Amino acid sequence: PSAPVDPFQQGWLKGVYDEKPVKDVHTRFPPEPNGYLHIGHAKAITVNFGFARSRGGVCNLRFDDTNPTKEEERYFTAIKDMVYWLGFEPYKITYSSDEFDKLYELAEELVRRGKAYVCHCTADEVKKGRGKLPNGEHGSRVACAHWSRSVEQNLADFRAMKDGQYRPGEAVLRMKQSKDKLKAYANNPALWDCAAYRVTKNSHHHRTGDKWRIYPTYEFTHCICDALEGITHSLCTVEFETLRPAYNWLLEALDMKIEGSDEKGPMQREYGRLNVEGTILSKRKIATLVDGTTVANDATMSWDDPRLFTLVALRRRGVPPGALKKFVLDLGVTKANANTATHTLDANIRTYLERTVPRLMLVLDPVKVVLTNLPDNHLEERDVPFDPKDKEKGTHKVPFTKTIYIDRDDFREEDDPDFFRLAPGKSVGLLNAEHPIRCISFSKDSTSGKVTEVLAEYGADVQPGKARIHWVADSPAHKSPIMAEARIFNPLFKSAKPNELDWKNGGYHENLNPESLVVYPNAMIESGFGYVKHNAPWPKEEGEAMGVVDKSSVRFQGLRTAFFALDKDSTEENVILNRIVSLKEDTGK
Ligand code: ATP
Ligand code: MG
Ligand code: MG
């Protein structure tokens, strides 16, 4: 048999390595700590960490924290947790802000080399200088009055920026890219002297405090940090492709890279973004739901609400990290953006869970069934495999007693020839029990009209039913049933394309799906759950094997019901379950 195919050494990723086949591959995942990661970031993490690991190399987690206004401590922790959860260990955790001194020195050096200047143009003047014509097209570039000032003037002015003598927008350090290599940049206005340093409004930085009033831009910081950290392959998303010449220009200007070569210094290459339709991923849009007061009927919405597709939410919902990585790789890593939909993701998760979690019986909305022909103390115990196709996963004892509970859905007051489960006079099989049962009668609550109890008989004499249903025994000796609250999640929006709703004017509000959360407060789980809980996850996921285990690692398939995981708010006495995915598409359960 041939060796298993390593997805990190195929296709686009193979091409990237072949362009620069160094021994010590070093990559980085560089999030801006200004929000929670979403499923798109799972691709960036998988690509950067997976590529390095596959080539025997390492990957840094770099917090790209150069924007003081938007960063918060809670995001740093959450981002780091998600990297470990996905099964990757950063070689180093770095902060762009740790390089502020160095970056500033390099900016002065750039000025000294005559390759940067302080510009006092307004935003409109900069646009005009870049040749932006009224029809939106680009004309020829015009250098502004500040472009030709002397190195001494620029140095003095840059230091004045640093010393707080300019307000935001009054002065910007710009790189002299356009005249440097006019030809290469002729058609790329983004490169026409982009900013290197700017004066920021709210300049307090959570790590460097009030030391700086000026902060470096992405275009200035990213490539330099890559070079300082010894990054060999700088993998980012396609929207950065137009900036690739600027990335190389700056490193070459500072002698941090050999001109026109990828030998010394990092090589930037771009892969397609992962976009999931059927939900919202943008921080700004999610924030309107999480922090907004407009979602009056949904006060509990948080960043890790299982209906969202942030990584914290997917984790809380119980999605195994391995399923996300597999999803990303199955979609393929290429230059093309990968567009997919939430139901495609759910289908992948379902397939992944099929053989990786134990099976148990769980009743969402229980109805009591008393088996009249059995003595009060009747007890059968069967050894039932957790996975019928994989005996190595072990077995557990399932008690069977005079009183059992079945799902309300599996009983009908009036029989129907097309209905194959329990109804008066009809028999049905029971999963994991020896014999079928037949309904004799039932009683109802006079006020609610709900069925309260079904009387049935059990045994070899009962004619076999056409279907087999799940159930849970009433056996205090086995601690059965275990009571639970089960939360079923459905799409948050009625629209399949919620991104296209009118977000600015609150138009998304009436599009919220009132059924997005359905709660079953009195669900019952069989006693095998106790064992599953203490032995989860099972088998261990990569990250979980590294010790990243939390309640959501307790996952199981509720036979004929859905896949479930423990919610983080669950306690020993108060079990809360989240539905990870349904067993089939659109079962409504
Ligand atoms: P967003 O604006 O979508 O919240 P971002 O681009 O601001 O995300 P960063 O923190 O800057 O997020 O991203 C860190 C890394 O993750 C970057 O290299 C970025 O290219 C990558 N990334 C972000 N979104 C996606 C996506 N949808 N698919 C793949 N990679 C992504
Ligand atoms: Mg960003
Ligand atoms: Mg973005």
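The values are calculated or read from the model by the stated rules, or taken from the named source; none is laboratory data. Remember, it's a predicted structure, so these values are computed and weren't measured experimentally. Cβ atoms come from the backbone with ideal geometry, glycine included; neighbour counts cover every protein chain shown.
Numbers below:
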read-out: Strands (runs of 3 or more DSSP E) wholly inside the stretch 501-589 containing at least 1 residues that are in contact (Cβ under 8 Å) with a residue 60 or more places away in the chain and of a type in the set (Lys, Arg); value: 555-558, 575-582
read-out: Residue tally, condition in contact with a Pro (Cβ under 9 Å, 6 or more places away or on another chain) and among the β-branched types (Val, Ile, Thr), over the stretch 346-368; value: 4
read-out: Close pairs (7 angstrom Cβ cut-off, 6 or more residues apart or separate chains): away from ligand 1 (no atom under 14 Å from the Cβ) in the stretch 45-68, of a type in the set (Phe, Trp, Tyr) anywhere; value: Ser54/Phe8; Arg55/Tyr17; Val58/Tyr91; Pro68/Tyr215
read-out: Selection count, the stretch 7-65, where residues are more than 16 Å from ligand 2 (Cβ to nearest atom) and within 22 Å of Ser261 (Cα to Cα); value: 20
read-out: Failed item, numbered, when Tyr84 is tested on (1) under 30 Å from Ala341 (Cβ atoms); (2) within 14 Å of ligand 1 (Cβ to nearest atom); value: (2)
read-out: Filter result (of a type in the set (S, T, N, Q) and not in a loop (DSSP other than H, G, I, E, B)) within the stretch 61-106; value: Thr77, Thr94, Ser96, Ser97
read-out: Residue that is nearest to ligand 1 (Cβ to nearest atom), among those in the stretch 245-255 that are under 35 Å from the mean Cα position of the chain (by Cα) and either of a type in the set (A, V, I, L, M) or on the phi > 0 side of the Ramachandran plot (or both); value: Ala246
read-out: Residue match in the stretch 350-371 (condition: surrounded by 16 or more Cβ atoms within 10 Å (Cβ to Cβ), over 25 Å from Phe493 (Cα atoms) and within 16 Å of ligand 1 (Cβ to nearest atom)); value: no
read-out: Among (1) in contact with a Phe, Trp or Tyr (Cβ under 6 Å, 6 or more places away or on another chain); (2) part of a strand (DSSP E or B) - the single one Ala433 does not satisfy; value: (2)
read-out: Answer residue from the stretch 277-289, given it is buried (at least 21 other Cβ atoms within 10 Å of the Cβ) and assigned to a helix (DSSP H, G or I) and is nearest to ligand 2 (Cβ to nearest atom) among those; value: Ile286
read-out: Within the stretch 31-44, considering residues that are modelled with pLDDT of 95 or more and more than 7 Å from ligand 1 (Cβ to nearest atom), the one farthest from Thr342 (Cα to Cα); value: Leu37
read-out: Within the stretch 225-261, tally of residues that are surrounded by 18 or more Cβ atoms within 10 Å (Cβ to Cβ) and among the hydroxyl-bearing types (Ser, Thr, Tyr); value: 3
read-out: Residue in the stretch 446-458 that is part of a strand (DSSP E or B) and among the polar types (S, T, N, Q) present; value: yes
read-out: Some residue of the stretch 264-276 being aromatic (Phe, Trp, Tyr), in a helix (DSSP H, G or I) and within 16 Å of ligand 2 (Cβ to nearest atom); value: no
read-out: Criterion violated by Thr242 - all others in (1) in contact with a strand residue (DSSP E or B) (Cβ under 8 Å, 6 or more places away or on another chain); (2) within 16 Å of ligand 1 (Cβ to nearest atom); (3) not assigned by TED's automatic domain parsing to the domain that holds Ala562 satisfied; value: (1)
read-out: Test for Gly50: is it modelled with pLDDT of 90 or more, on the phi > 0 side of the Ramachandran plot and not β-branched (Val, Ile, Thr); value: no
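Condition check ((1) over 30 Å from Cys59 (Cβ atoms); (2) at pLDDT below 95; (3) surrounded by 14 or more Cβ atoms within 10 Å (Cβ to Cβ)) across all residues:
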position: Glu99; (1), (2), (3): no, no, yes
position: Leu106; (1), (2), (3): no, no, yes
position: Val111; (1), (2), (3): yes, no, yes
position: Asp124; (1), (2), (3): yes, yes, no
position: Arg130; (1), (2), (3): yes, yes, yes
position: Ser140; (1), (2), (3): yes, yes, no
position: Asp157; (1), (2), (3): yes, no, yes
position: Lys162; (1), (2), (3): yes, no, yes
position: Gln177; (1), (2), (3): no, yes, yes
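Here is a yes/no grid of residues against (1) of a type in the set (Lys, Arg); (2) in a loop (DSSP other than H, G, I, E, B); (3) without any contact (Cβ under 8 Å) to a residue 24 or more places away in the chain:
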residue	(1), (2), (3)
Arg198	yes, no, no
Asn202	no, yes, no
Phe220	no, no, no
Cys225	no, no, no
